[in-house]
Amino acid sequence: MRPQQPAQARPDVRARQSGQARPDGTCTVTFDGRPLEARPGQTVAAALWAAGVTAWRTTRRAGRPRGVFCGIGVCFDCLVTVNGSPNQRACLVPVRPGDVIGVQEGTGRDDD
Amino acid sequence: MTERPRLAVVGAGPAGLAGALAAAARGVDVTLVDAAGRPGGQFHRQPSPALGAPPRQGHTWERLRTGLDRHRVTHLTEHHVWCVQRDSMSFLVHALLGPAQDEGVSLRADAVLLATGGHEYVLPFPGWTLPGVITAGGAQAMLKGERVLPGRHVVVAGTGPLLLPVATGLAAAGAEVAALVESADPGAVPRRFPDLLVRPDKLAEGAGYAVRLLRHRVRILTRHTVVAAHGTDRLEAVTVAPLSPGGRSLRILCDTLAVGHGMLPGTDLAETLGCTLTGTAVRVDAEQRTDVPGAWAAGETTGIGGAALALAEGHIAGRSAAARLYGRTPDPAGWAPAARARSRLRRFFAAVDAVCAPPPGRAGSVPDDTVVCRCEEVTAGEVRTAVSTLGATDARSAKLLTRAGMGWCQGRMCGPAVAALTGCPLTPGRRPFARPVPLGVLAALPDPDAPAP
Ligand SMILES: Cc1cc2nc3c(=O)[nH]c(=O)nc-3n(C[C@H](O)[C@H](O)[C@H](O)COP(=O)(O)OP(=O)(O)OC[C@H]3O[C@@H](n4cnc5c(N)ncnc54)[C@H](O)[C@@H]3O)c2cc1C
Ligand code: FES
């Protein structure tokens, strides 16, 4: 898929608060507004990969899609917006029930 | 001294764990600090608790894991150390907490053991920034820690001993590994036999991987290299070319390329502390001491050589630190087996390194429009212009002129490629901090000269 879809306008904070893990250990998060099944504690990158998503950022200069590269927190290619905070490393940040995950465009800040 | 001396060990991989246990067993008050949520480092990376999977088995791992409890080592998880400072009396270890890394803590210790491992590097080729192209170690880390694959059809490529376990692991996890592309020449191996045979077990380990790959029907191409990755928004295929004259290139369909050209020592903390490096690795003596009094280093921080070498070095460092913290001169006879393993493994991996050097000249000859610095999207052509018309004579000035290496990763990924393009040897990064540090954390730092809490 292309990550250049419009990012979510504002994170829905209520979605996070109401999010809970199910008895089978799974939970729901959203990626670009789409619900995804995830496991609390797995990394955001793992949840996205498991859902078939491999790109969730566009670069500042050329607007090219990026996802995981180093997998261990060194390269910063996997930056993602989680619950409104941009520049989170998807390969490090654990999923919490109800997380609102969004494509990060450029620096992820409005002033870019 | 009435109180037990304190040792801070940074890094809970094989080197840090072995060092922590050796020192704690000898009466030292050890705090083990690691960025990850679980101990193990890269080699013993444990599955995420979210998976509910059983921990990885293995005699060595079992010994390390149970040792942490038995010796009452304090283990601080999710502590990203960004700087280690030394004052006249002791050390201050500064860390950022949790995945958010916006809050800081500092801890004091009488000595430190730096065991921060290393990271893999990839030399650029057209298409290497496409989603689906990942580092070989990254594929392994995601598989070991999270049991996920980015696709189904994988090519594993580059050079070095890490490719074998990665390809084997991916195949065993159900991926279709279309090819293992290794640039090294197997014909160069016999010449190194005298050095390689000092650890026949390691040679057998490599052969074992090769047998398993053949059983999974993985095609192994040696003296070949990936020259391009294709796709628009995602990897669709790679072009593999022979390195010897006369052969034909081939195109292999794949949705994942796991690629690596070797590893580099992680030396940021040692550098902020003022430790001398040799080449790109922290320099240590026979006791694993750096040239900064009170600072030891072990594992891949001091040179790349795998988990068994990291264990041996960590063990020696821990014993040396324990003796010296109690004011004694250590007796190296006590760690003779570890010292023997260390010298053999260093010799073995020097030979592996000689066989698995990335093909010379390749990184310097990538097309102009290939992105070299992934963070700042600087192309090979821009770096070449900085050299030829703007007069950059080394990687440092090329960096200032192009911004290559000035982005988020601080040149950790593009360093080797920029060095190749400028025709200079790779030099250490000289980063001010090992992690990007929020200003609020900097402002709230404790005064190192204040009396110890
Ligand atoms: C991604 C990757 C995957 C690998 N997979 C394998 C494999 O499957 N098989 C194999 O044989 N070899 C593998 N290796 C090689 C591996 O590096 C060695 O075999 C071995 O793990 C080295 O041990 P070490 O103790 O020196 O470092 P590591 O095992 O790398 O441990 C270093 C530890 O330090 C921590 N750390 C680093 N910097 C900081 C900091 N600033 N603050 C706090 N903590 C920090 C890290 O979180 C890590 O836990 C891999 C390497 C990489 C980079
Ligand atoms: S993939 Fe490199 S930092 Fe996350």
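The values are calculated or read from the model by the stated rules, or taken from the named source; none is laboratory data. What you are looking at is a predicted structure, and each value in this text was computed from that prediction instead of being measured. FYI the Cβ positions are ideal-geometry reconstructions off the backbone, even for glycines, and counts take in every protein chain you see. With ligands, DNA and RNA removed, areas are computed over all heavy atoms of the protein, side chains included. Shrake-Rupley method; radii C 1.70, N 1.55, O 1.52, S 1.80 Å.
Relative to the Cα centre, the charge distribution of chain B, modelled as +1 at Lys and Arg Cβ and -1 at Asp and Glu Cβ, gives a dipole magnitude of about 1360 debye. Helix B:59-70 and the longest principal axis of the C-alpha atoms of chain B enclose an angle of approximately 30°.
What the stretch A:27-105 shows is 28 Å² of accessible area per residue, with the surface traced by a 1.4 Å probe over protein heavy atoms. For B:Leu162, neighbours were defined as the other residues whose beta-carbon sits under 14 Å from its Cβ, and their charges (Lys and Arg +1, Asp and Glu -1) total -2.
Accessible surface calculations at 1.4 Å, restricted to protein heavy atoms, place chain B at 42 Å² per residue.
Taking the C-alpha atoms only, the angle from helix B:200-215 to the longest principal axis of chain B is near 40 degrees. What's the center-to-center distance, using Cα atoms, between the stretch B:351-430 and the stretch B:141-207 in Å? Their Cα centres are 26 Å away from one another. Return the value, in Å² to the nearest 100, of accessible area buried between chains A and B (probe 1.4 Å, both sides summed). Using a 1.4 Å probe on protein heavy atoms, the buried area is about 3200 Å².
Using 0.36 nm times the number of residues separating B:Arg192 and B:Arg328, minus their current alpha carbon distance, what extension gain do you get? Working shown, then result.
Values: separation 136, 0.36 × 136 = 48.96 nm, distance 4.06 nm.
Result: 44.9 nm gained on full extension.
The radius of gyration of the Cα set in chain B, together with its Dmax, comes out at 22.3, 73 angstrom. Of the residues B:Leu442, B:Leu114, ranked by 1.4 Å probe accessible area with the largest first, the sequence reads B:Leu442, B:Leu114.
Probe radius 1.4 Å, ligands and nucleic acids ignored: give me the carbon and sulfur share of the accessible area of the stretch B:122-260 as a rounded percent. Taking all protein chains in place, the stretch B:122-260 shows 57 percent carbon and sulfur surface.
Of the residues B:Ala25, B:Thr301, B:His119, the one whose Cα sits farthest toward the positive end of the charge dipole of the protein assembly as shown, with +1 on the Cβ of Lys and Arg and -1 on the Cβ of Asp and Glu, is B:Ala25. For the protein assembly as shown, a simple Cβ point-charge model (Lys and Arg +1, Asp and Glu -1, everything else neutral) yields a dipole of about 1260 debye relative to the Cα centre.
A Cβ-based charge dipole, computed about the Cα centre of the stretch B:362-422 with Lys and Arg at +1 and Asp and Glu at -1, lands at about 220 debye. Where does helix B:306-325 land angle-wise versus the long Cα axis of chain B, in degrees 0 to 90, nearest 10? So the helix axis and the longest Cα principal axis differ by about 20 degrees. Each Lys or Arg adds one and each Asp or Glu takes one away; over the other residues whose Cβ falls under 11 Å from the Cβ of B:His119, this sums to -2.
Using heavy atoms of the protein chains and a probe of 1.4 Å, the accessible area assigned to B:Ser365 is about 80 Å².
Other residues lying with their Cβ under 12 Å from the Cβ of B:Glu176 contribute a combined charge of +2, Lys and Arg counting +1, Asp and Glu -1. Between the listed residues B:Pro54, A:Thr30, A:Leu48, the Cα displaced farthest toward the positive end of the dipole of the protein assembly as shown, a dipole computed from Cβ unit charges relative to the Cα centre, is found at B:Pro54. The coefficient of translational diffusion for the protein assembly as shown, derived via Stokes-Einstein from the alpha carbon Kirkwood radius under 4 °C and 1.567 mPa s, stands at 53 µm²/s. Between the beta carbons of A:Glu37 and B:Ala173, assuming R0 = 25 Å, the FRET efficiency works out to 0.80 to the nearest 0.05.
Site pair B:Arg63 and B:Arg340 shows an inter-label distance of 1.5 nm when each label is modelled 7 Å from Cα along Cα→Cβ.
Farthest towards the positive end of the charge dipole of the stretch B:122-260, among the residues B:Ala141, B:Phe193, B:Gly246, is the Cα of B:Phe193, using unit charges on the Cβ of Lys, Arg, Asp and Glu.
The fraction of accessible area contributed by carbon and sulfur in the stretch A:27-105 is 46 percent, rounded to a whole number (1.4 Å probe; ligands and nucleic acids excluded). Under the simplified labelling scheme, the B:Asp394-B:Leu442 pair shows an inter-label distance of 2.4 nm, with each label point 7 Å from Cα along Cα→Cβ.
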